[in-house]
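Colleague: The structure's right below; bear with me while I get my questions together.
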Amino acid sequence: MPLDKVTQVAQTKPWHGSIPVYGQYTFGIAGERFFRDIKDKGRIMGAKCAECNLVYVPPRIYCERCFGELAKWLEIPNRGVVHTFTVAHADLDGNRLEEPIVVALVKFDGVYGGLVHRLGEVEPDKVTIGMAVEMMLKPKAKRTGSILDIDYFKPIRA
Amino acid sequence: MQRRVAVIGIGYTPFRPISPDLSFKEMMFEAAQKAYEDAGVCPRHDIDAFVTCEEDFTHGRSIFNIHTPDNIGAVLKRIHTLPAESLYGLADAYMLINTGLVDVMAVESHSKASNMLTPNYLIAHAMDPVYNKPLSYNPYFIAGMEMNRYMHERGVTKEQCALVSVKNKANALLNPEAAYGDRISVDDVLNSEMMFWPLSRLDMSSPADGGIVLVLACEEKARILCDKPIWVRGVGWCSDAPSLETREWGEAVYARLAGEMAYRLAGIEHPRKEVDFAEVDDSFSYKELQHLEALKLCRSGQAGFMVEEGATKREGEFPVNVSGGSLGVGRLDEATGLQKVLEVVLQLRGEAGKRQLPNIKVGLAQSWRGLPANSGAVAILSNE
Ligand SMILES: [Zn+2]
């Protein structure tokens, strides 16, 4: 069946649609505990699988390796190393950022997992994989119980 | 009962940055009509089951997959829809035919990426809503971080990654269906806009629209209906941990395990010797190198040298992404995997036109689901 092919793009008509999508996402047992500790005590908590000898950060109540249930909590040091990083030059809309953001996955000694966050107090071209960094929290009064209670990670000066 | 499974029909629309003339339903109709013509089947009488593979929202609609039966001839017939990468749909068809439940089956996937006006927000909304999304970063930061770690672990250079973009865009010049063919240099890639260091603009594929339909059949039907059946010798799939924090950042483990499954089913022990060419995911330049290593199509840490030596060029000893890949064809959302299969089938049939490879028997197609996923599938096809 021959289709009538369009030759004038300007004459084509798309329908424009949008929907308001609002939802909520339950923090859950592990998330509640993690963010309450960040907010109130300024510390990172992990959950341990004794079977696999893995400490999960972010914590969770199940082990992705053995499917065991995790109930043992422990405090994680707030210093870690940059496992990998990027220098982001574009924002969510695709516009150029005036100041590029260094985004990193920070891993902690003896921990399976880590935290994704930005690095601060460092020039992007000075960042390296393996660089030691420490967590910088917002002042306690400004914390709300979210990942943004962590302001950034900054390099530890030798 | 274990039955051989063959691709007996292919249909596709051209792959273009925009498609203002066809709605996604018309695009599906066009691809399906061509595939059924190619296979010599009527969908209303000859096809037992259908599967369509697309992610929701990606064409600006919600629960859109209720709208897929009518335009491919599947109303009142068995159809299931996968919100997944389309190579998984091929695997579904393989299983249903292999086990004897179905004789002839159609697999559909398409991209109408140009209809989604805010794709970054869609990807960002798919990240962990508690630990990752509140950071409000452009989600392509994940690719920048992965490229950095991969290069660090395997000693791959930015120049070697750039060579992948140069090669694939040049390959696409010989593919009339490809949207992003171009003759560029390594310097063009290195000097292109820095996006998510070390990822530059020309390390990234751009989206394209297009539809693909394949018809598959059991051996008995394939022999009757088709002169050149292309046999699906093996399929495999795998998901790594989805969280950014615990996933593997250097090696593409999902591709290694999917490949191992497909090789096992196909009876392949030495992939590099027994496979003649491959279409692997190259959504980003480094992904091609990372996937070649994971699929054991080169020795660990050797993918960079392989592209440097020209071994993966069209005229090289192991051609990779002769179609132009996603860098040259355009990234087709969830249809990307079927585009890889389509090229392997065209090559094995000897219908690849100016880019036809000589003396080939076995081809591999591999897909990655795209950001922020960490999963993918593999299919191995043969013309004998
Ligand atoms: Zn465990």
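The values are calculated or read from the model by the stated rules, or taken from the named source; none is laboratory data. Note that the coordinates shown come from a computational prediction; the quantities given were computed from them, not determined experimentally. A quick note on method: Cβ atoms are made from the backbone with ideal geometry, for glycine too, and the neighbour counts reach across all protein chains shown. Side chains are part of the model used for accessible areas, which takes the heavy atoms of the whole protein and leaves out ligands, DNA and RNA. Shrake-Rupley method; radii C 1.70, N 1.55, O 1.52, S 1.80 Å.
Colleague: Could you give the Stokes-Einstein D for segment A:24-155 in µm² per second, using the C-alpha Kirkwood radius, 20 °C, 1.002 mPa s?
Modeller: Working: Rh = 15.8 Å.
Estimated diffusion coefficient is 136 µm²/s.
Colleague: Mind grabbing the interface size between A and B? I mean buried accessible area, both sides, 1.4 Å probe, in Å² to the nearest hundred.
Modeller: 3700
Colleague: Segment A:1-67: percent of C-alpha pairs farther apart than 15 Å?
Modeller: 71
Colleague: Which percent of the accessible heavy-atom area of the protein assembly as shown goes to carbon and sulfur, probe 1.4 angstrom?
Modeller: Carbon and sulfur together cover 52 percent of it.
Colleague: Protein chains only, probe 1.4 Å: how do A:TRP73, B:TRP237, A:TRP15 rank by accessible area, largest first?
Modeller: A:TRP15, B:TRP237, A:TRP73
Colleague: Name the residues of segment B:181-210 whose accessible area falls by at least 50 Å² when all protein chains are present instead of the chain alone, probe 1.4 Å?
Modeller: Buried by the other chains: B:TRP197.
Colleague: Any idea what the dipole of segment B:275-384 comes to, in debye rounded to 20, about its Cα centre with Lys/Arg Cβ at +1 and Asp/Glu Cβ at -1? Don't skip to the end; give the middle numbers.
Modeller: On the way: 12 positive and 15 negative charges, 16 e Å.
Charge dipole, segment B:275-384, about its Cα centre: 80 debye, nearest 20.
Colleague: Please give the helix B:86-98 orientation as an angle from the longest Cα principal axis of chain B, in degrees from 0 to 90, rounded to the nearest 10.
Modeller: Roughly 40 degrees between the two axes.
Colleague: Enter the accessible area per residue of the protein assembly as shown (Å², integer; probe 1.4 Å; all protein chains in place).
Modeller: On a per-residue basis, the protein assembly as shown sits at 43 Å².
Colleague: Follow-up. Heavy atoms of the protein only, probe of 1.4 Å, neighbouring chains included. What is the accessible area of A:THR12 in Å², nearest 10?
Modeller: Surface open to solvent at A:THR12 totals about 30 Å².
Colleague: Same structure, new question: Taking all pairs of different Cα atoms in the protein assembly as shown, averaging 1/r and flipping that mean, what Kirkwood radius in angstroms comes out?
Modeller: Working: mean 1/r = 0.0411 Å⁻¹.
Hydrodynamic radius (Kirkwood, Cα only) of the protein assembly as shown equals 24.3 Å.
Colleague: Could you list log10 I(q)/I(0) for chain B at q = 0.06, 0.11, 0.13, 0.14 Å⁻¹, which the Debye formula gives when each Cα is one point scatterer?
Modeller: Log10 of I(q)/I(0), two decimals: -0.20, -0.70, -1.00, -1.18.
Colleague: Taking segment B:321-384, which trypsin sites (Lys or Arg not before Pro) meet the DSSP loop condition and have no more than 13 other C-beta atoms within 10 Å?
Modeller: B:LYS361
Colleague: Report the charge-dipole magnitude of the protein assembly as shown in Debye, nearest 20, computed about the Cα centre from +1 at each Lys and Arg Cβ and -1 at each Asp and Glu Cβ.
Modeller: Using only the charged Cβ atoms, the result is roughly 900 debye.
Colleague: Considering only protein heavy atoms, what is the solvent-accessible area of B:HIS80 at a probe of 1.4 Å, reported in Å² to the nearest 10?
Modeller: Its heavy atoms expose roughly 70 Å² to the probe.
Colleague: Residues of segment A:13-61 with accessible area at least 50 Å² lower in the all-protein-chain context than alone (1.4 Å probe)?
Modeller: Going by heavy-atom accessible area, the residues of segment A:13-61 that drop by at least 50 Å² are A:TYR25, A:PRO58.
Colleague: Also, I was wondering about something else. Out of the trypsin sites (Lys or Arg not before Pro) in segment B:270-328, which ones are loop residues according to DSSP with at most 16 other C-beta atoms within 10 Å?
Modeller: Answer by residue number: B:ARG299.
Colleague: Rounded to the nearest 20 debye, what is the charge dipole size of chain A about its Cα centre when +1 sits on each Lys and Arg Cβ and -1 on each Asp and Glu Cβ?
Modeller: Working: 22 positive and 19 negative charges, 78 e Å.
It comes to approximately 380 debye.
Colleague: For helix A:28-41, report the angle its Cα long axis makes with the longest principal axis of the Cα atoms of chain A; keep it between 0 and 90° and round to the nearest 10°.
Modeller: Roughly 60 degrees between the two axes.
Colleague: Name the residue, out of B:ASN115, B:ASN71, B:ASN138, whose mean-square fluctuation peaks in a Gaussian network model built on chain B with Cα pairs under 10 Å.
Modeller: B:ASN138
Colleague: Which order do B:ARG233, B:ARG247, B:ARG149 take by accessible area at a 1.4 Å probe, largest first?
Modeller: Listed by decreasing accessible area, they come as B:ARG233, B:ARG149, B:ARG247.
Colleague: Can you pull the one-decimal nm distance between simple spin-label points at B:GLU159 and B:GLU220, each 7 Å off the Cα toward Cβ?
Modeller: 6.0
Colleague: In addition: Go through segment A:73-94 and flag every residue whose accessible area shrinks by 30 Å² or more with all protein chains in place compared to the isolated chain (probe 1.4 Å).
Modeller: The answer is A:HIS83, A:THR84, A:PHE85, A:THR86, A:VAL87, A:HIS89, A:ALA90, A:LEU92, A:ASP93.
Colleague: Over segment B:131-252, consider all pairs of different Cα atoms and compute the Kirkwood hydrodynamic radius from their mean reciprocal separation; express it in Å, one decimal.
Modeller: 18.1
Colleague: Still on this structure, please answer the following. Can you tell me the relative contact order of chain A? Whole percent, Cα pairs under 8 Å, sequence separation 6 or more.
Modeller: Values: 265 pairs, mean separation 29.4, N = 158.
The normalised contact order for chain A reaches 19 percent.
Colleague: Using a 1.4 angstrom probe and counting only protein chains, how large is the accessible area of B:TRP197 in Å², to 10?
Modeller: 100
Colleague: Need the C-alpha centroid separation for segment B:326-340 versus segment B:73-113, integer Å.
Modeller: Each part's Cα centre sits 18 Å from the other's.
Colleague: List the GluC sites (Glu not before Pro) in segment B:299-349 that DSSP assigns to loop (not H, G, I, E or B) and whose Cβ has at most 10 other Cβ atoms within 10 Å. Which are they?
Modeller: B:GLU315
Colleague: On a 0 to 90° scale, report how tilted helix B:158-172 is relative to the longest principal axis of chain B, with both axes built from alpha carbons and the result rounded to the nearest 10.
Modeller: 30
Colleague: If DNA, RNA and ligands are ignored and the probe is 1.4 Å, what is the ranking of B:LYS167, A:LYS154 by accessible area, most exposed first?
Modeller: A:LYS154, B:LYS167
Colleague: In square nanometres and to one decimal, what's the mean projected area of the convex hull around the Cα atoms of segment B:8-136?
Modeller: On the way: hull surface 36.9 nm².
Computing the convex hull of the Cα atoms and averaging its projections yields 9.2 nm².
Colleague: Let me ask something else. Based on the Kirkwood radius over alpha-carbon pairs, what is the Stokes-Einstein translational diffusion coefficient of segment B:103-153 at 25 °C with 0.890 mPa s viscosity, in µm²/s?
Modeller: Stokes-Einstein gives a translational diffusion coefficient of 177 µm²/s.
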